[in-house]
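Heads up, the thing below is written out as structure tokens.
Nothing in this text is a laboratory measurement; each read-out follows from the coordinates by a stated rule. Just so we're clear, the structure is a prediction, and the values are computed from it rather than from any experiment. Note that we place each Cβ from the backbone using ideal geometry, even for glycine, and neighbour counts take in every protein chain shown.
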Amino acid sequence: MSQTLEEIAQQLHAADKKVQLIYAFNGTGKTRLSRALKDLIAPKAEDGQEGELSREKILYYNAFTEDLFYWNNDLQGDGDAKLVIQPNTFTEWILAEQGQEPNITRNFQRYANDKLTPTFNQEYTVQTKDELGQDKEIVIKAFSEVTFSVEAGGDEETGNFKISKGEESNFIWSIFFTLLEEVVSVLSIAEVDDRPTDQFNGLQYVFVDDPVSSLDENHLIELAVNLAILIKAAIKVAHQLKFVITTHSPLFYNVLHNELDLKKKPANEGCYLLERLEDGTFNLNRKYGDSNQSFSYHLHLRRILEGAIAEDKVERYHFTLLRNLYEKTAGFLGYARWSDLLDTAPGNKDAYVRAINTFSHSALSNEQVRDPTPPEKNTVKLLLDNLVNNYGFLQQDEQNG
């Protein structure tokens, strides 16, 4: 029976599982599910204010976490590009109060480049003018900005520069992972009164939503293994703590499934496939085994797309699924780029690439992408037919399924 995300959050909360691992395609609703669970665990007061800090009950990493950071490129002043941290209790605690920037740097360099160095600002005052042209001072708080440079050898460094989107995502994940390490360290102290802080004593959940979108396979595996080690350590010292992890990556799912030993009963009852239905509701289907054994990735994508086409309900997120299918098909067949599979499709290959990219990237918070037009919806059918008719392993999978 289909459910709302709020009902699924209640189902996850009611389950007596230390770890629940959920596979879902991009655009399904993983981020909204994390918010639904957060609102269930730490609801706002009737006046809309937080009754207590939600992070004392649930910590979560998702798209909203990344929204706490944005770039100040200083194009007018031709100054250094800075990654600005919006004021929030999460970063203020881990940086200003706990002084964890060395550990954040260590974790960041593990997944990026060991020479790529973040530098957090210290508190300083700048002179500016108000709306009336009068001089005024603004105090820039410590740990509110980050610059990045590369050690060039010896004591020399390059100038500060803007890092890539992938490196930025890795950096933000490193802050969150460092916080998790601190949580485990604090909770490992058996005597509550001996702990350096009481902020984690009531922590119930950690929700991790897809920290792997910009990692190559080697770093993805390393991140999954490190996360699994930390989860196992946390479970040993904090019996009340539960983890919910969502991902669109079959590899990340499989590594966590194996490292956390979820193939054994009753742990495997906490493994799921989250599906979004055409009417906007969802299914949370229990899956046994890793992604290779428990669900047919390509056939599932194909079934969703064919259903949307048949009912004339193609939406923006279906382009994400189509691109996902092309990427996995290209990888399976050994093509260097997913767009190479468009060579067999009639029409303008570049136009197809633009259409897929436009709609498959529409989840970005700073973009507003219109709904697809009827011709663009027809493109989904044309390009799905291109795969089915020209790359026979899809049909073979269907016969073997």
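Things worth noting here:
- Cross-link pairs exceeding 27 Å between alpha carbons, from the set Lys162/Lys232; Lys38/Lys236; Lys162/Lys377: Lys162/Lys232; Lys162/Lys377.
- Helix runs (DSSP H) in the chain reaching 15 Å along axis by Cα, Kyte-Doolittle at least 1.6: none
- Total formal charge among the other residues, if their Cβ is under 15 angstrom from that of Leu33, Lys/Arg +1 and Asp/Glu -1: 0
- Assigned charges on the beta-carbon of Lys, Arg, Asp, Glu; the stretch 5-286 dipole about Cα centre (debye): 1320
- 14 Å beta-carbon shell around Ile235, net charge (K/R +1, D/E -1): +2
- Our summary gives the chain a relative contact order of 18 percent, counting only alpha carbon pairs under 8 angstrom and 6 or more residues apart.
- With R₀ set to 35 Å, the beta-carbon distance separating Val84 from Ser188 gives a calculated FRET efficiency near 0.55.
- Pairs from Lys17/Lys328; Lys44/Lys82; Lys263/Lys287 whose Cα-Cα separation, in the structure shown, is over 22 Å: Lys17/Lys328; Lys44/Lys82
- Rule-of-thumb Rg ratio for the chain [Cα; 2.2 N^0.38 Å; N residues]: 1.08
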